Structure formats: structure tokens, C-alpha cells
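K.L.:
Okay, here's the structure, questions in a sec.
The values are calculated or read from the model by the stated rules, or taken from the named source; none is laboratory data. These figures come from a predicted structure and were not determined experimentally. Quick reminder, even Gly has a Cβ in these numbers, built from the backbone with ideal geometry, and neighbours come from all protein chains shown.
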Amino acid sequence: MPTLTVDKAPPPLFRSGRERTVVRIGSVEIGAGQPVVIAGPCSVESYEQLFATAEAVKSAGATMLRGGAYKPRTSPYDFQGLGVEALQLLRRVGDQTGLPVVSEVLSTDDIEIVAEHVDMLQVGARNMQNFALLRRLGQLRKPILLKRSPAATVKEWLLAAEYLLAGGNGQVVLCERGIRSYDPELRNTLDLAGLALARQLSHLPVIADPSHATGRRDLIPAMSRAALAAGADGLIVEVHPDPANALSDGMQSLDFPGFSRMMEKMQTQHQ
């Protein structure tokens, strides 16, 4: 009977003497030593909303713009995003303000249209182990932001990133966005130890999402500073001109003055 042989898998993301990866998106470098701040609305709602937000976050020191076009919502009756229209608005506003843009891709069917309009594609927490999507994105030659699932171990998160690297796409940034816990006062719990461990085990840049990790705008500044102190290479923060009337995630969105104050305090601490 013939012996079944199994090819050895390549080693996962352990550093093993490798230099740390720096992911470049236009003029922005994530992992180069200076924390990068990505900011913008949870969902793109209109040109006016997006442009005003982009201007405000850029003025405060953010160097990339985020905005949801396709929104995977828990309820099918919640706002699902503007789709292609939102992608077109992101590209327009990104070009007008000089901010590279990042937005989430939900399925293999959407990869081409999303990649056409954005500078970095986000794999959301719900899709962290969508292996068909990861394999296709591994063939892409654009930066990928890979969010950790709220129930994933650090090892599972790193192995999800390995699907992208194994496909040939080395432009991967990891994002810790909170793990699910028992506390109903918080949307999730920011896993600072997991963030530090992922950065220790992996050569990839690791950023934090304090908006999703807490679900509360009043905790975002403190958790942002904590994440940077733990070694995060940057942050992704939700900002909206009128959080009380946002179509999605208003409770975890900073307004313009709040974001500006947070950035001022962080810049003072890093001087």
C-alpha cells in the first residue's frame, strides 16, 4: 500500500530572526516606528458627511481615512451601507484630501470593485476565517487589514493572516478589535496582552481598534493610549460629525472635537 505523504506547511508567522514588515499605503508606512492613525465614519452616509470627517481627522493628525461601504450588521433591518456609491465617495474624498482610504470587503464577489476604489482592503472580524476570501485576497497585490474575530485565539488570528501570506500577499496589517467577554457594559474587551503577543510572535504590524473594542466613545481615548503603550503600530478610530444621528455605531464614534482632543493628548505624550 503506498505511503501517504503530506507536504510540510511553511512555518507560521513566528519572527525567527526576520525583520519586521513595514506596510506602505501611498506615503503612509505602518510598522515603521511612528504610530499611524486611521479615522473616519463607521458607514459612509453622504459626500458631505465623509468630506467633513476627512477634513477634520486630517487636521487633527490622522493619515488615513476609513469608511464602511458594505456593512455586515447583526440585524438585517439595520443600515447595510451604500455599496458602490460609498466606494466612489471614498475614492473621491481620498483624492481630494490626500488621505489613503480603507474599506471592508465582505465576499469574493466584491473584491474587484472594492480594490478598484480603495488603497487598503479590510477583512472584518466576522470574516477572519472566511478562507475562500482570504485565499483570493492572498493573490491580490494590495494591502490588507485583517481584524481579529471576537472569539479567535491569537494563534487562529495569525494563521488566518498566513492564508494571505501563503498566497503571496505580504502587505498585511493585523488589527486587535476586542474579544467577547461577559461584561454587558462593554461591546467587547480590548485584549492588550493579545495585541502584544501577536506583535511578539509575528513580524507583521499590529494596530488596535478601540471603537469596536469598547463600544463606548468615552473609553476610546484611554484605550488608544493603552494600546500604543502596549506596542501597537497604530489605531483605527470611528469619527462622525454627529454621532447621535449616525446610521451605524454612533455610541462608539467620537465627534470632531473629541477626536482632536484625543490626538492632542497622544501627541503630547509621545513627544
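K.L.:
Among all residue pairs at least 6 apart or on different chains, which show Cβ distances below 7 Å where the first residue, located in region 122-147, is farther than 23 Å from Gly234 by Cβ and the second is buried (at least 24 other Cβ atoms within 10 Å of the Cβ)?
P.N.:
From region 122-147, the pairs are Leu133/Val123.
K.L.:
Of (1) at pLDDT 95 or above; (2) surrounded by fewer than 18 Cβ atoms within 10 Å (Cβ to Cβ); (3) small (Gly, Ala, Ser); (4) over 21 Å from Arg141 (Cβ atoms), Ala115 satisfies all except one. Which?
P.N.:
Status for Ala115: all satisfied but (4).
K.L.:
In region 206-237, which residue that is β-branched (Val, Ile, Thr) and under 12 Å from the mean Cα position of the chain (by Cα) is nearest to Val154 (Cα to Cα)?
P.N.:
Val206
K.L.:
Restricting the search to region 214-249, which residues are free of Cβ contacts under 8 Å to residues at least 60 places away in the same chain and touching a strand residue (DSSP E or B) at 6+ places or on another chain (Cβ under 9 Å)?
P.N.:
Thr214, Arg217, Ile220, Pro221, Met223, Ser224, Ala226, Ala227, Ala230, Gly231, Pro243 - these are the residues of region 214-249 that are free of Cβ contacts under 8 Å to residues at least 60 places away in the same chain and touching a strand residue (DSSP E or B) at 6+ places or on another chain (Cβ under 9 Å).
K.L.:
Something else about it: Tell me, which residue of region 22-46 that is touching a residue at least 24 places away in the same chain (Cβ under 8 Å) and of a type in the set (D, E, K, R) is nearest to Gly83 (Cα to Cα)?
P.N.:
It comes out as Glu45.
K.L.:
Shifting gears a bit: Can you tell me which residues in region 220-266 are more than 22 Å from Ala52 (Cβ to Cβ) and either out of contact with any helix residue (DSSP H, G or I) (no Cβ under 9 Å at 6 or more places or on another chain) or basic (Lys, Arg) (or both)?
P.N.:
Passing the criteria: Arg225, Lys265.
K.L.:
In addition: What is the number of the single condition among (1) over 17 Å from the mean Cα position of the chain (by Cα); (2) crowded, with 17+ Cβ neighbours inside 10 Å; (3) closer than 19 Å to Ser43 by Cα that Asn245 does not meet?
P.N.:
It fails just one condition, (2).
K.L.:
Hey, another quick one. For region 163-271, which fully contained strands (runs of 3 or more DSSP E) count at least 1 residues that are in contact with a Ser or Thr (Cβ under 6 Å, 6 or more places away or on another chain)?
P.N.:
234-238
K.L.:
Oh, and also: State all residues of region 201-242 that are among the acidic types (Asp, Glu) and crowded, with 21+ Cβ neighbours inside 10 Å; if no residue qualifies, say none.
P.N.:
Across region 201-242, the qualifying residues are Asp209, Asp233, Glu238.
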